[in-house]
Amino acid sequence: MFIGIDDTDSEKGLCTTYLAAVLMERLRSLGEVKGFPKLIRLNPCARFKTRGNAAISFELESDRPEDVKEEAIQAVLELSDFSGVNTNPGLVVAERVTPRMEAFYRRALTEILEIQEARDLLDEEGIWHRGFKKGRGLIGALAAIGATLPDFTYELIVYRERQRWSTPRVIDSESVWEADERTYPDTWDTVDRQSGRVVFAPHSGDPVLFGIRGRDPDVLETAFRTIRSEPSERRVLYITNQGTDSHILDGEIALVREDQSYRLRGSVAGEPRAIAGGHLFFTLQDGGSALNCAAFEPTKGFRSIVKLLRPGDEVEVYGAVRDETLNLEKINILRLAEQHIHIVPACPICGRRMESAGRGQGYRCRRCKTHAEGRKREVADRELETGFYEVPPSARRHLAKPLVRMMGVRTHPSR
Ligand code: ATP
């Protein structure tokens, strides 16, 4: 059986991954979980997400399907925050994963779907499901079961003891830096070196103590054992589509649509523009089409790269299009345009900069009575190198592939 769950938490508390973790434990007497449970991130532009648009699914081998469904309903009733205005839980139990479910997952990653589309597919395929309140979680629950993972990473999520929920988390940050030192680049997004902050723990009242992301279950365990913290209640290792860029579509500027994430190629048109609040924009153009690209304030040091772009630079941008603006997650600088500077000649005697001798009259030095023809046009040094640049871990979208995972290309990773 394949069990999918989504939309059980609210900003105030709880977490769908925690519900799944407790449910998997309760189901031990009824069956065996096969492989790793899946932590699936869906379209980051979905309107009703609480935080990172996550859903969970896992495979269970059991000969007591009715008892399993009963246990799952109980867990949803007990561990969902039904008071949340935007909490609309969905529970799906499927006997198999069909191509239509896989196609539904790919759409849920890249498009905005209606609850009715999930309901129609569930009915047509005869899949058991329960929607609570509006049942919007059926979208994520169904998509999480249909998730195929041609590329994947892992996340080890560690949960807090219940009496500690909503209290400040006790984590020895020195040990987190030590864990990062020992396991990076096989783990990532644990710390943010630019800001000097630990970024792998939430600050909200939910049950998550922290999550360690990486490419290898053994290394995640090493990192976990290095970290000193308050006692944990449980931990679960998830296989996930995080850090894979699976939300990114190859596109063209002329054809982009709202609420979708793209990789687009083009050239920089005009100088980057800063606005109040520390946000930075530039226009990307390709043929006759143009698109606004943004590095918002939370992308911190990434903006200092964007600021160095100049008209004519050829780039490839990655990010989600919202309000007609692409929110940059990464940029690949393919070719730097030649920039020129004009140099006013220096006096051959005293070495000082000469001054204009009048329009079209060249330059002169009054003191030494020297004269020179025109200014010199020289190719300026660019302070920027080609290659990939990314936003820092603190601003990273869950689905965005960190540069530390990109092989065979020139990268400038941020951590
Ligand atoms: P958390 O990360 O804390 O688990 P969340 O950010 O995952 O919270 P949810 O509570 O899961 O937020 O809410 C997201 C809602 O959006 C769910 O009901 C889910 O079914 C729905 N959803 C997911 N993907 C899409 C999509 N592509 N189109 C429309 N709705 C979607």
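Does the stretch 90-105 contain at least one residue that is open to solvent by 30 Å² or more (accessible area, probe 1.4 Å), farther than 18 Å from Thr148 by Cα and not assigned by TED's automatic domain parsing to the domain that holds Gln163? No, there is no match, as no residue in the stretch 90-105 is open to solvent by 30 Å² or more (accessible area, probe 1.4 Å), farther than 18 Å from Thr148 by Cα and not assigned by TED's automatic domain parsing to the domain that holds Gln163. Looking only at the stretch 351-373, residues that are under 57 Å from the mean Cα position of the chain (by Cα), of a type outside the set (Gly, Ala, Ser) and part of a loop (DSSP other than H, G, I, E, B) come to 4 in all.
Scan the stretch 303-313 and give yes if some residue there is open to solvent by 50 Å² or more (accessible area, probe 1.4 Å), more than 19 Å from Lys401 (Cα to Cα) and out of contact with any strand residue (DSSP E or B) (no Cβ under 8 Å at 6 or more places or on another chain), otherwise no. Yes. Within the stretch 156-172, the set of residues being within 15 Å of the ligand (Cβ to nearest atom) and in contact with a helix residue (DSSP H, G or I) (Cβ under 8 Å, 6 or more places away or on another chain) comprises Ile157, Tyr159.
The listed residues are Ala108, Ala55, Ala21, and the only one of them that is within 19 Å of Tyr238 (Cα to Cα), within 12 Å of the ligand (Cβ to nearest atom), assigned by TED's automatic domain parsing to the domain that holds His129 and open to solvent by less than 10 Å² (accessible area, probe 1.4 Å) turns out to be Ala55. Just name the residue that is farthest from the ligand (Cβ to nearest atom) out of those in the stretch 129-146 that are of a type in the set (D, E, K, R) and over 17 Å from Tyr105 (Cα atoms). Ranking the candidates gives Arg130 first. Sub-9 Å Cβ pairs linking a first residue in the stretch 251-276 that is outside the structural domain of Leu399 (by TED's automatic domain parsing) and over 16 Å from Asn332 (Cα atoms) to a second residue that is assigned to a loop (DSSP other than H, G, I, E, B) and of a type in the set (A, V, I, L, M), at least 6 apart or interchain, number zero. Checked against the criterion of being over 30 Å from Ser246 (Cβ atoms) and open to solvent by less than 60 Å² (accessible area, probe 1.4 Å), the candidates Thr386, Thr411, Thr325, Thr370 yield just one match: Thr370.
Taking every residue in the stretch 210-239 that is assigned by TED's automatic domain parsing to the domain that holds Ser166 and without any contact (Cβ under 8 Å) to a residue 24 or more places away in the chain and pairing it with any residue that is open to solvent by less than 10 Å² (accessible area, probe 1.4 Å) and outside any loop (DSSP other than H, G, I, E, B), at least 6 positions away or on another chain, the pairs with Cβ-Cβ distances below 9 Å are Arg225/Ala179.
The values are calculated or read from the model by the stated rules, or taken from the named source; none is laboratory data. Source: prediction; values computed, not measured. Don't worry about glycine lacking a Cβ; one is built from the backbone with ideal geometry, like all the others, and counts go over all protein chains shown. When the accessible area is computed, the model is the full protein with side chains, heavy atoms only, and any ligands, DNA or RNA have been set aside. Shrake-Rupley method; radii C 1.70, N 1.55, O 1.52, S 1.80 Å.
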